[in-house]
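Below is one structure, written out as structure tokens; comments come after it.
The values are calculated or read from the model by the stated rules, or taken from the named source; none is laboratory data. Here the structure is a predicted model, which means the values were calculated and not measured. Note that we place each Cβ from the backbone using ideal geometry, even for glycine, and neighbour counts take in every protein chain shown. All accessible areas refer to the heavy atoms of the entire protein, side chains included, with ligands and DNA or RNA removed. Shrake-Rupley method; radii C 1.70, N 1.55, O 1.52, S 1.80 Å.
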Amino acid sequence: MVSESSSSSSPIKTVVVLVQENRSFDHILGWMKSINPEINGVTGSESNPISTSDPNSTQIFFRDNSAYVDPDPGHSIQAVYEQVFGEPWTEASASKTLPPTMNGFAQNAETTQTGLAETVMNGFRPENVPVHRELVKEFAVCDRWFASVPAATQPNRQYIHSATSHGLTGNDNQKLIEGLPQKTIFQSLDEEGFSFGIYFQSFPSTLLYRNLRKLKYIDNFHQFDLQFKKHCKEGKLPNYVVVEQRFFDVLSMPANDDHPSHDVSEGQKFIKEVYEALRASPQWNEMLFIIIYDEHGGFYDHVPTPVTDVPSPDDVVGPEPYNFKFDRLGVRVPAILISPWIEPGTVLHGPSGPYPSSEFEHSSIPATVKQIFNLKEFLTKRDAWAGTFEGVLSRTSPRTDCPVTLPDPVKLREAASKDGTKMSDFQEELIQLAAAINGDHRKDTYPDKLVEDITVSEALKYVEGAFKTFSDECEKARKTGTDESEIIVCATSPTLPTSKSFAQKIFSCLVCDN
């Protein structure tokens, strides 16, 4: 599992990726312009009308009063369309060529809930996100990084490791069961002798990729709390590291993914914890740590979204009624790049290629990993187009003055976690994905009844148990000599009889081909 050498031209042997949830650049980092004027942030002159069709509409100006956010603003494909283009999605509207005015955020928010426009038109003061503030000052911020898809969490997360969502623009229960079939950066690295590891806290969302369900990869999944700091301290982090958050907000373990209505200060604690473990590692001088947000979550951003000359990764078209062709990007999101090979206070603007229209977006991660490790092939047409950022590693020797610790976060939520809080779409998808992993997708409760009336604590217990079932069945399959390249599919366990039948005593495991 220990890192192998990267290409001779790169000092980086370990790339660490942490993807937070649902916040725009202006919302999280826009006011960092006050500490570094080179950042394309906000000044307070930015605004949105309550109604884009009314020339006399009240204007909501962007302010710096963000703290605890509840409820969750809209970020579906149709909501993002209205936010970017200033009018609700219709087939007639979608057939037009509209400029990305970025003036529909307030209007869309008000249709969700009266008063929500003020929420989406606000950002955090730098002192309220002190971990981000310190990282922006000490390393690099990219102020032109866009979500890959103008839609919700799940499709955007897929681009990070595979440069496509294989047609996903939202939830697709059948794809949760089958797993997405596309090749990932995990496979590319594995094929060429490099290592990877996924350090998860509640449930690894990366199991949506079908190929990661192969028996040979079960040992690449690690419990964050048990193994991450240990591997850092021992210098045993693999070449490509994915760190996953706590996605469920319970009193004993608050969520730390930054998804509204979760407390951003918990996300700050998490990033601080990860950074300090990496900084103390003997591998630090060969490391690149990437922090991004998967999508903007419905929060305002003033930079127009690229809507032309964006290649579809694989010519797969999204489902009706939107029939999205994956030919435009999502809203700008925060991106922070951390390494001792980066000069303090670096601001990375748009890329210089490889094409005139190239942008930084989530596919830039596999594209850059390809460059760093000199991998043979791109994954799709999208990562072949995306800008790469290895040039930010501009020093001739690693710094010795990188901070050892980061500031303590400021608590932003006064109330405790609420067990009865409604699940977000992403949380429901994780529960349904867990059911696909443990075999419960065959029950009549799948997909909708499974997530009806379930509490957050019950959901957390369910997804944790589902992964344990999957892990245990992988171990049984290995002991029986199952081929390591096979994908493990757990059988459904009977639920009724009180006296255990033979079928209940032996929780069977089915094996399927690729």
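Some points to look at:
- In the stretch 14-392, the DSSP beta bridges split such that about 30 percent are antiparallel, to the nearest 5.
- Heavy-atom accessible area per residue - the chain, 1.4 Å, Å²: 39
- Listed residues 275, 248, 261: farthest to the positive end of the dipole of the stretch 216-294 (Cβ charges): 275
- Size of electric dipole in the chain: Cβ of Lys, Arg +1 and of Asp, Glu -1, about Cα centre, debye, nearest 20: 1180
- Sorted peptide list for 479-485, 297-303, 346-352, criterion being average Cβ within 10 angstrom, highest first: 297-303, 346-352, 479-485
- Peptides 140-150, 305-315 ranked from most to least packed, by the mean per-residue count of other Cβ atoms within 10 Å: 140-150, 305-315.
- Relative contact order (%) - the stretch 14-392, alpha-carbon pairs under 8 angstrom, separation at least six: 27
- Solvent-accessible area of the stretch 14-392 (1.4 angstrom probe, protein heavy atoms only): carbon and sulfur portion equals 47 percent.
- The stretch 87-225, Cα convex hull volume normalised per residue, Å³: 208
- Database remark: amide H of residue 122 closer than 5 angstrom to the amide H of 63, 300 (H placed geometrically; neighbours at sequence offset of 5 or more, or on other chains; Pro and chain starts carry no H).
- Cβ-based charge dipole, the stretch 13-158, positive-most Cα from 30, 94, 119: 30
- Under the Karplus curve 6.51 cos²θ - 1.76 cosθ + 1.60, θ = phi - 60°, whole-Hz ³J(HN,Hα) for the stretch 353-360, x wherever Gly or Pro sits: x, x, 10, x, 8, 4, 9, 7
- Computed [θ] at 222 nm, deg cm²/dmol, the chain (DSSP H ≥ 4; -39,500 (n - 2.57); rounded to nearest 500): -8000 deg cm²/dmol
- Dipole magnitude of the stretch 1-126 about its Cα centre (Cβ charges: Lys, Arg +1; Asp, Glu -1), debye to nearest 20: 380
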